[in-house]
1. Could you list, in sequence order, all residues of segment A:102-128 that are within 11 Å of ligand 2 (Cβ to nearest atom) and either part of a loop (DSSP other than H, G, I, E, B) or away from chain B (no Cβ under 14 Å) (or both)?
2. Search segment A:113-136 for residues that are under 18 Å from B:GLY49 (Cα atoms) and pair each with any residue that is surrounded by fewer than 13 Cβ atoms within 10 Å (Cβ to Cβ) and among the polar types (S, T, N, Q) when their beta-carbon atoms are under 6 Å apart and the residues are at least 6 apart or on different chains.
3. If you take the residues of segment A:41-53 that are of a type in the set (Val, Ile, Thr) and within 9 Å of the chain's Cα centre (by Cα), which of them is nearest to A:ALA104 (Cα to Cα)?
4. Take segment A:114-136 and flag every residue that is charged (D, E, K, R) and under 16 Å from A:GLU47 (Cα atoms).
5. I need the helices (runs of 4 or more DSSP H) fully contained in segment B:44-108, keeping only those with at least 2 residues that are of a type outside the set (Val, Ile, Thr), over 18 Å from B:ASP15 (Cβ atoms) and more than 8 Å from chain A (Cβ to nearest Cβ).
6. Please pick out the residue among A:ALA61, A:ALA104, A:ALA93 that is hydrophobic (A, V, I, L, M, F, W, C), within 8 Å of ligand 1 (Cβ to nearest atom), modelled with pLDDT of 95 or more and crowded, with 20+ Cβ neighbours inside 10 Å.
7. Look at segment A:35-50 and say how many of its residues are of a type outside the set (Gly, Ala, Ser) and more than 10 Å from every other protein chain (Cβ to nearest Cβ).
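The values are calculated or read from the model by the stated rules, or taken from the named source; none is laboratory data. Since we're looking at a predicted model, the values are computed, not measured. Heads up, the Cβs are rebuilt from the backbone with ideal geometry, glycines too, and the neighbour counts pull from every protein chain shown.
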Amino acid sequence: MKMEFDIASGDFKKAGRASSQIKKVLKQLQVDPKIIKRIVVAIYEAEVNIVAHSFGGKLTAHINGNSIEVTLTDNGPGIKDIEQAMQEGFSTASKEVRDMGFGAGMGLPNIRKNTDELNVTSEWGVGTTVWFRNQF
Amino acid sequence: MQTVIKEEVEMKVSDLVEKFGLKVFSGEDGLDREVTGGYVSDLLSDVMGNAGEGDVWITLQTHQNVMAIASLKDLAAVILVKDREPEEDTLEHSNDESIPILGTNRQTFEIAGKLYNVLNQ
Ligand SMILES: Nc1ncnc2c1ncn2[C@@H]1O[C@H](COP(=O)(O)OP(=O)(O)O)[C@@H](O)[C@H]1O
Ligand SMILES: [Mg+2]
């Protein structure tokens, strides 16, 4: 099964739409609640990153009998130093975004903690792709 | 000799409303949710990463991402401190998900202390 979502830049009101719909589907498929909890954290954080830090992008989820694979691609600006971005506490979020409670620099670390496999690639000036997979 | 059997008392959101005199803004259908713990933070990723199912979340954030997180994490309720009021779409989301948003005039330290005591009795 394939699910796709467009994610607009700056649209915080819609952040969480993909994660909540995917959560519903996984529940229907009777995936272990502990695994659903992890995947939902990862998807939410990845969605928010596109909203907060990119010019917009999309999320594609592939769900089969024994795993979920999620790919998020955006249209830039990209991440200059991925290693630095992955560090807990690192954030370039604006003051406005931080005042909302985002921008703690815990998003990518949360994604890493809650996925079985994670791959982040990025080209400055082009865009970022975040891919992860969790087994059921 | 007397044997005292200590019963596991189930704590519901409605019990907290009564005990602490909380205002119920929305999500009334969720007042019978069971409360198993609490979490205090205004950083959304912190809550996302560390809050547990059945927790009551104490915060001063009022925008609708609070409800997105409460629902994704299966939280029992949200308590807004210092007389803060939820935004309109936050209320709607709370009603849709039947996760109550509650309010208090107390500040975080006080309400968290009270909740901690009640849950660890
Ligand atoms: N899709 C993205 N596009 C551009 N930069 C990103 C993207 N995702 C993450 N980043 C960068 O990595 C940093 C750390 O991300 P994260 O750990 O989620 O923390 P936060 O979102 O709280 O800043 C961000 O502040 C931003 O600089
Ligand atoms: Mg983030």
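1. A:PHE102, A:GLY103, A:ALA104, A:GLY105, A:MET106, listed by residue number.
2. That search, which allows pairs on different chains as well, returns A:ASP116/A:GLN135.
3. My answer is A:VAL48.
4. Correct list: A:ARG133 only.
5. B:65-72, B:88-97
6. Checking each option against the conditions leaves just A:ALA104.
7. Total meeting the criteria: 5.
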